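Remarks on the structure that follows.
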Amino acid sequence: MQHGLRHGDYTRYRRYCTARLRRLYKSLKFTHGRGKYNKKAVTESTVTEVRFLHMFLYTSERAWSHAMEKRQLPDGPNARQRIYLIGRLRKAVKWATLFSNLCSSKGDSRTSLEAEAYASYMKGNLLFEQDQNWDTALMHFKSARAVYEELGKYGDLENQVLCRDHVEKLEPSIRYCLHKIGESNLQTSELLQIGEMEGPALDLFKAKLEAVMAEARSQQAASLTEFDWLGHRIPISNAKTRVAILKAQELEKALQGPAVDSLPSEKKLAHFDKIFSAYNEARSWIRSDLASAGNSDGVKDDLNGLDKAVGAVLGQRTIERNQLLVSITKSKLTKHRDEKNEKITKPEELVRLYDLLLQNTADLSDLVSSGRDRKPEEEAFAEECVLKSLAFRAERCFYLARSYSLAGNRAEAYALYFRARSLAENALQKFQTVKGRDQMIVKELQTLYKECRSNICIEHAMGVIEEEKAPENLSKQISNISINGADKKVEKFLLEKLDIYESAVGDPNLKAVPRIEPFPPAFQMIPRNPIVLDLAYSCIDFPSLENRMKKDKKGFISRLWG
């Protein structure tokens, strides 16, 4: 699980298996020659230590991961790639069978059982991918499940957990095989619930399920000839657009059923991502049809209307997803730390989310309001968007006030809480005049109104208390001021900030004690006496004094040598 399988990265896992095999070949001196490949026979006498068994296991895993890598191609494997995929699965079955045979003769009973279950699982995967012999595939899957169930009863706790995990991952494949044989009353919705499970063992099952669902959608898409939106019935001519819209509508039903409350938030967000992908695919097909429509005005009008309707539905789902993010963030706001030790959630995050909601609502309202011949349904929907924007503005103002309150700005928080209460009251009054209003938003607004009222009182009280304690706190802070400047955290001293309107003792973000002036004072440079240089001496021509100098008397010999 440390080499890519946890995230479904089969390319990384295949490379890990290849590198591991290379090291095993070299350490066991089981290489196959240089240049020309010389195959070495593998018998029971060859296996002299456990690393030979590792070699066969990693070879099987490499072939299986290569097949799974081909299965994960963006548009699915084509005919040639599918043949290669099945060939790699056959290789995996071959090496897993050899691994099982060697473990039965060289290993203990537990190792032999585990290897047998592994080989059965690989054989079941091959038949599962080939879409044939479902009864034989079912037999292999059940054999592997029986072994893992038995092994899960013994050993340490970690081993029991691993075996139970294998049993849970084999269960969907067994149920699907029963469904194909006809011995199960499994519905399509139940298959979709199984497909939501995670794990490398379920990737083949998910690919098979997606292929089945795509085939079913293509059959149902023939009956989807119109898209109904706010009183408009817009024809859909492209079959690919129908399939994409049908897929999105099926995913929407999963978010509107009775069991949606039991779904975790991460699953809901994943559903929304799939819905966005389906609707964006439909819009891409619509726009490609627009580009090839030519000069046919009637066809262009229908395509533009369909693009507008799909865009409006996409905007609605975006608002719903952002509302889900708001509810998740609100649940984390009251906690100091999350269970996964994540960072603290701040009110500013909710302010950002409500900004997004206001932008989404404005875009959706502009999209619905554009165009002529508006129907009553469109006008009612535009009015609903206006009411939602009022509610979102009140919520945004409330959490903005909360962020100011946490920063210690009482006056700003008091004013914003007052503004949020008036916005909530105005929104409630307008919601009461609308029939079929959203009761959840009304309840949230009523709760918001009460919280604003209580927070106004709290901020007022806290402001009065801080004002009463201000002189005392100021005297305490001033008493801490010293002339000593030994603290290295001081950026500027008070005497250096006389021309700046900034409180030195009232700043709550100031960690260090304010200082007046560094003491003892630092050395200062002072001017010294000027240095006078006599520059005129070298420019004066003095008269010759040789005639006044005393001459030395010299003898005869000195005259000769002079």
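The values are calculated or read from the model by the stated rules, or taken from the named source; none is laboratory data. Just so it is clear, the model here is predicted, and its values are computed rather than measured. As a convention, Cβ positions derive from the backbone with ideal geometry for all residues, glycine included, and neighbour counts pool all protein chains shown. Surface accessibility is based on the protein's heavy atoms, side chains included, excluding ligands, DNA and RNA. Shrake-Rupley method; radii C 1.70, N 1.55, O 1.52, S 1.80 Å.
Return the carbon/sulfur percentage of the accessible area of the range 394-473, one whole number, probe 1.4 Å, all protein chains in place.
On the way: 2570 of 4950 Å².
About 52 percent, which is the carbon plus sulfur part of the accessible surface.
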Q. What accessible area, in Å² to the nearest ten, does a 1.4 Å probe give for GLU252?
A. 20
Q. Where only protein heavy atoms count, and the probe is 1.4 Å, what is the accessible area per residue for the range 224-335 in Å²?
A. 50
**Q.** Along principal axes, Cα extents of the range 276-435, largest first, whole Å
**A.** 64, 42, 24
(Q) Counting other C-beta atoms within 10 Å, and keeping those with at most 16, which DSSP coil chymotrypsin sites (Phe, Trp or Tyr not before Pro) do you find in the range 28-73? (A) PHE30, TYR37
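Under a Cβ-Cβ cut-off of 11 Å, what is the net charge of the residues other than ARG15 that fall near it, where Lys and Arg count +1 and Asp and Glu count -1?
On the way: positive: ARG12, ARG14, ARG20, ARG22, ARG62; negative: ASP9, GLU69.
Taking every Cβ under 11 Å from that of ARG15, the sum is +3.
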Q: Please express the Cα-Cα pair-distance distribution P(r) of the range 394-473 as a list of whole percents, one per 10 Å bin, running from 0 to the bin with the greatest distance.
A: 19, 42, 23, 11, 4, 1
Q: With all protein chains present, calculate the accessible area of LYS169 using a 1.4 Å probe and round the result to the nearest 10 Å².
A: 40
Q) Once you list every other residue whose beta carbon is under 14 Å from the beta carbon of MET462, what net charge do they have if Lys and Arg are +1 and Asp and Glu are -1? A) -2
Q. If ligands, DNA and RNA are left out, what is the accessible area of ARG393 with a 1.4 Å probe, given in Å² to the nearest 10?
A. 100
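Past the 24 angstrom mark, what percentage of all C-alpha to C-alpha distances in the range 224-335 do you count?
Details: 2094 of 6216 pairs.
Here the long-distance tail beyond 24 Å is 34 percent of all Cα pairs in the range 224-335.
Return the carbon/sulfur percentage of the accessible area of the range 13-161, one whole number, probe 1.4 Å, all protein chains in place.
51
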